[in-house]
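Throughout, read-outs are computed from the coordinates displayed, never taken from laboratory work. These numbers were taken from a predicted model, which means no experiment stands behind them. Note that each Cβ is placed from the backbone with ideal geometry, even for glycine, and that neighbours are counted across all protein chains shown.
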Amino acid sequence: MISLQNVTKVYNTKNNKVTAVDDINLTINSGEIYGIIGYSGAGKSTLIRLLNGLEKPSKGLITVAGHEITKAKGGSLRKARREISMIFQHFNLLWSRTVRENIAFPLEINGVPKKDRLKRVDELIKLVGLEGRENAYPSQLSGGQKQRVGIARALANNPKVLLCDEATSALDPQTTDSILELLVDINERLGLTIVLITHEMHVIRKICHRVAVMESGMVVEQGEVLDVFKKP
Ligand code: ADP
Ligand code: ADP
């Protein structure tokens with residue numbers, strides 16, 4: 001589903017060059033929950049921006065859902081990016097819109113007719129367990145409910161890959177667990193490939209099948225979670 005071949009990203013700043021991602025090779029299979037863990041500054045955010053096409057690598061090849069996003073431009077880049085969706089640490093909801101309107105937003109942008117939008121939003125609200133909160137505003141929701149809106153919105157246009165950028169880092173442990181359980185449920189029910197970036201080991205242990213450990217832009221270890229994080 002996702003492959004990175006010898007991917008390097010160098011930022012050129014005024015005074016120096018920073019190699020944020022350093023010659024990474026990774027393959028993430030279709031239907032997998034793949035974790036990427038590392039301390040702050042390890043290069044995780046850069047990697048996620050490379051995967052969703054927001055940044056171009058300085059070197060190497062990236063393929064997502066059959067699209068070679070490194071070379072894609074214009075229409076084909078937009079097509080590739082529709083296959084990839086994302087959720088965020090701070091949810092990035094529209095604060096003046098209701099739950100229903102937030103979830104409908106990507107459908108509107110995609111030109112889905114109103115009748116189909118309403119039906120799809122209802123499905124998504126059920127899928128993430130927000131029945132009864134359709135007309136609430138984000139400020140009236142708990143953190144966990146806000147992330148459920150974020151997940152529903154991310155799934156609206158049927159992406160093939162969901163990128164999760166520290167998606168539970170702003171939540172308490174109990175809420176974190178309920179969001180992680182929802183992600184597993186979605187992975188199993190929809191066969192969605194999930195890539196999860198985090199600095200929290202328990203998130204990886206709880207739901208990931210495989211993991212890559214990043215340090216100074218490099219993948220220093222990768223494999224099955226149980227092998228990489230063997231208890232001593
Ligand atoms: P993480 O998400 O793991 O904290 P980042 O990808 O944000 O790591 O950062 C990796 C390295 O790249 C850091 O040294 C950071 O300072 C640098 N970096 C990130 N974004 C930029 C940028 N836009 N310009 C210059 N340097 C950057
Ligand atoms: P957290 O993500 O830590 O739970 P919030 O959900 O309150 O925090 O806010 C997330 C982000 O959205 C913050 O950057 C905040 O400034 C912004 N934000 C919160 N409420 C509103 C609002 N009513 N209008 C615009 N921006 C808001």
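The table below lists the values:
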| quantity | calculated |
| --- | --- |
| Principal axis dimensions, segment 91-232 - Cα atoms, whole angstrom, descending | 54, 28, 28 |
| GNM flexibility winner over the chain from LEU47, LEU196, LEU182 (Cα, springs under 10 Å) | LEU182 |
| Distance from segment 1-68 to segment 193-232 (C-alpha centre basis), Å | 16 Å |
| ASN6 paired with GLU131, simple spin-label distance in nm, labels 7 Å along Cα-to-beta-carbon | 5.4 nm |
| Across LYS14/LYS79; LYS56/LYS230; LYS119/LYS160; LYS71/LYS119; LYS56/LYS119; LYS71/LYS160, pairs whose alpha-carbon gap is larger than 28 Å | LYS14/LYS79; LYS56/LYS230; LYS71/LYS119; LYS56/LYS119 |
| VAL184-GLU68 FRET efficiency (beta carbon distance; Förster radius 30 Å; 0.05 resolution) | 0.50 |
| Computed label-point distance, nm, for sites SER139 and ALA170 using a 7 Å Cα→Cβ extension | 1.5 nm |
| Computed lengthening from LYS56 to LYS79, 0.36 nm per intervening residue step minus Cα-Cα distance | 6.6 nm |
| Kirkwood-Stokes translational diffusion coefficient of segment 1-140, alpha-carbon pairs, 4 °C, 1.567 mPa s, µm²/s | 74 µm²/s |
